[in-house]
Each structure stands twice: as structure tokens, then as C-alpha cells.
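Just below is one structure, and these are the notes that go with it.
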Amino acid sequence: MEFRFASRMTQVKSSVVRDILKLTQGNDIVSFAGGLPAEELFPVQAVREAADRAISAGTSALQYGLTEGYLPLREQLCVRMAQKGMNVQPEEMIITTGSQQAISLLVQVLTEPGDTVLVERPTYLACLQVFELHGLKVVAAESDEHGMIPEDVERLVREHKPKFIYAVPTFGNPTGNVWSLERRQEILRICAGHQVPIIEDDPYGELKYDENAAYPTLFALDQQQFGSGVVIYTSTFSKIVAPALRTGWAIGDTQVIKMLAKAKQAADLQSSTMDQQILSQLLAHFPLDEHIRIISESYGDRMREMQSLIKAQKIEGLHWIEPKGGMFLWVELPEGLDAEALLRVAVSKGVAFVPGIAFYAYDPKRNTARLNFTHNKGEKTVLGVARLAEAIREFTARS
Ligand SMILES: Cc1ncc(COP(=O)(O)O)c(C=O)c1O
């Protein structure tokens, strides 16, 4: 059978990370590629108990539920959001199948093929996949360690009139960077002034290595200082509980939430009732904030471990900014080194990472790479960094 696939599929590249994950499966490869949480820190016992409670509470955990999501879970999330300075009601929230679905549904309800969207440079690679799938033009604003550069955002907004801005302001993927307060305010001012919605994707915001550090969300800042309603916020349980529960949420103006619910009906009717009820029971009976403190502390240790191992290798021309949270180290390799070509050598040595090119809509900085430090620790990280250093040395000696 010769299938006639939709032309939009020819635009979509397969996820580099997922391809690398496939390549590394079953082999003795240390993978710094995937954005995987530490499995040994999953709250297994608490999830088991929560699942027991959900099932014991009656049969509703196995039944269809509301497209907008299980109401008790939305109410509990509203309480959590209030602790972050975000004042929201359950009708301003929709539960999604991971925050990835929130991004995908937002694209469906806000854009037509050919529309422009504005992103950070570099940005989350799976959002680029969604944009490609929907035939969007992606424009990237210059960004540094303090966030998107406001002057560039303003210029591009005037020039391209994007349908929305997509950003990860706290512990971004891939860079790990945190936007400064000034940048957050500047970007909000631009969005409010030009009436451009901004999708604030926040899967990592709670994974702070300094538990006293405070990074107000764009959503909270907008509510407190601007009241413009331009921010659509999304987050997920993937990094703070477990990704397999595939539960995220989006918050925004009720007009947006209603549209998202319509699109979600067409996509999957609803997210898993069982998973939502497990999470609701978990929030009721498990000290999630304490758990988040434990994983964040461990991730901070793992980051420092990887950083000192790389430093000890004394590779000339290797730079990075120490992340204050999240799951990634974004490294700049020696000038002129192509990380994609390096990956082939690295995999042959038994280590994998994601070449930076995957995170650029265009004009990639080829000498960049994203290293995940949360999935491995100890001996594995030692081995992986040693192999990576060997690959870089061999590669630079050859070219
Ligand atoms: C920036 C960003 N957004 C969204 C997601 C999707 O997360 P999930 O669909 O598991 O909630 C990820 C996952 O790695 C991510 O890094």
C-alpha cells in the first residue's frame, strides 16, 4: 500500500531527542540526551497509595470525565497556583495530557497555517515540532542569560505581528536560564502594549536549587502589575511527580479555556480520569512540596557533580552558565566544532547528548549542546563525562 500522507507531515522533523533515545536504548551508552527525571526519586509508594485510594473511592476513576478536567484536581491546583501568587478559579484552568498537549491545543485555537509565532533563541525543540506541523512561520528573538532581549522582541512584534510569543522564562529548556525580573516586566509591557498573547511554559519553575530564590511567573506579575490578561500559563506534573501520569494544565482567560476545551474534545475527549484522580489523591495525602525540595536538592547536587567533572577535564574553549534550577547544562563547545558531527563520535565512545542545532528555528549555533544531568549520577556521570571529553579531544585533533 502506498500511503498518501498529508503534505504538512513533510515539514515535520522527527524529534532529535527521541531518535537519540532510540539509538541509545539497550546499549551501554550513557545518555545525557533525554530530559528524563531521576527514576530512583519517583514517589513510587505514594503513587501506589494514591492509586489505591482513587480506585477504592468508587468506580468514577474508571469512568469518562469532564473535558476540562477532574474538578477536585483543578481546585487543588488553584490552591497551589495561589501559593505562586496566581489567583485563578477552576474555570480558568484546563487539565491536559501533559503540557505538550496544552502547547499543541493552543496552536490549534490561536493560529492558521502561515501565521507567525515568536520564540526565544534557542527554544524548546518539541514546540518547534508543533509549529512545523501546523505550518507556522517561526521567528526567534535574540536572547541572553537574562531572557529575551526586549528591543529585539519589540522590533519583531512590530515587523511580524506574531499570533503569540512562546517562552520558558524559568530554567528554560535547553539553556536552564532564568529571566530577570526586569526582562519579565519589559516583555509583559510589550505584549500588553501590542496585545500579543504570551504562552508561559513552566515545567521546571519548581525545581530551584536555592529554595529561597523567588522567580515570579509572568502570569502572577501580569495579574499584580498590568492586569492585561495576555499570559496563558502552562505547567505539568511530569517533572515534579512522574511523566508517565501525562498530566499538565493550562491557565488563562476563560475565552481561551473554552476554546481549548473544544479543541481537546476533538483531540482526546479528556485526559485520563484515573491519572487525574491519582494526582488528586496524591496532593491530598502526600507532602508534595517536601518531595519537590528533595528532588531539587538532588538535581542541584547532580548539576554540580557534572560541572566539576567537566571542569576537571580542562577542555579549552568549553563554556556554560551554571543553572540555578531545572534539568539541563547548556554548553558552548570550542569555536567551530559542529556538535552534530561530534555526536557521532560521542555515540561510538558510548555517550549521547543533544546537539544544540535541534533547538534553533534557523541559524543554529552549531557548537552548542544540551546535557541532561538529572537522569544519571555517580559512576555513570563520571563515565559519561570522561567519554564525552575523549570524543571532543579526538574530534578536535582530527579536524
Ligand atoms: C519546555 C517544555 N515544555 C513542555 C514539555 C512537555 O512536558 P509534558 O508533556 O511531559 O508535561 C517539556 C518536556 O520536557 C518541556 O521541556
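The values are calculated or read from the model by the stated rules, or taken from the named source; none is laboratory data. Please read all numbers here as calculations on a predicted model, not as lab measurements. Heads up, the Cβs are rebuilt from the backbone with ideal geometry, glycines too, and the neighbour counts pull from every protein chain shown. Keep in mind that these areas ignore ligands, DNA and RNA; they rest on the heavy atoms of the full protein, side chains included. Shrake-Rupley method; radii C 1.70, N 1.55, O 1.52, S 1.80 Å.
Structure values in brief
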read-out	value
Angstrom value of the Kirkwood radius, inverse mean 1/r, which spans all Cα pairs in the chain	21.9 Å
Lys/Arg +1, Asp/Glu -1 at C-beta; segment 75-218 dipole; positive extreme among His160, Met93, Leu181	His160
Trp179 accessible area, 1.4 Å probe, all protein chains in place, Å² to nearest 10	10 Å²
Value of [θ]222 nm, deg cm²/dmol, for the chain, DSSP H segments ≥ 4, -39500 (n - 2.57) each, nearest 500	-14000 deg cm²/dmol
Candidate lysines for bridging to Lys137, where Cα separation is under 20 Å - those fewer than 8 sequence places away on the same chain excluded	Lys13, Lys161, Lys163, Lys365
Contact order relative to length of segment 63-285, as percent, for alpha carbon pairs under 8 angstrom and 6 or more apart	28 percent
Reach of Lys324 by Cα under 20 Å, taken over lysines that are not fewer than 8 positions away in the same chain	Lys84, Lys208, Lys239, Lys311, Lys377
Value of Rg/Rh across segment 231-341 [Cα atoms, Kirkwood radius]	1.12
Accessible surface of Glu142 - all protein chains present, 1.4 Å probe, nearest 10 Å²	90 Å²
Where segment 63-285 is the region considered: accessible area per residue in Å², 1.4 Å probe	38 Å²
Heavy-atom accessible area order for Lys13, Lys84, largest first, 1.4 Å probe	Lys13, Lys84
Antiparallel DSSP beta bridges within segment 63-285, as percent of all bridges there, nearest 5	40 percent
Solvent-accessible area, 1.4 Å probe, carbon plus sulfur percent, for segment 63-285	50 percent
Taking the chain and dividing mean pair separation by its residue count, relative contact order in percent (alpha carbons under 8 Å, at least six apart)	24 percent
Translational diffusion of segment 63-285, µm² s⁻¹ [Kirkwood Rh, Cα pairs; Stokes-Einstein; 10 °C; 1.306 mPa s]	91 µm²/s
Radius 14 Å from Cβ of Leu282, net charge of other residues (Lys, Arg +1; Asp, Glu -1)	-2
List Met86, Met259, ordered by accessible area with a 1.4 Å probe, largest first	Met259, Met86
Cβ charges +1 (Lys, Arg) and -1 (Asp, Glu), total dipole of segment 63-285, debye	420 debye
Share of pairwise Cα separations in segment 179-308, more than 22 Å, in percent	51 percent
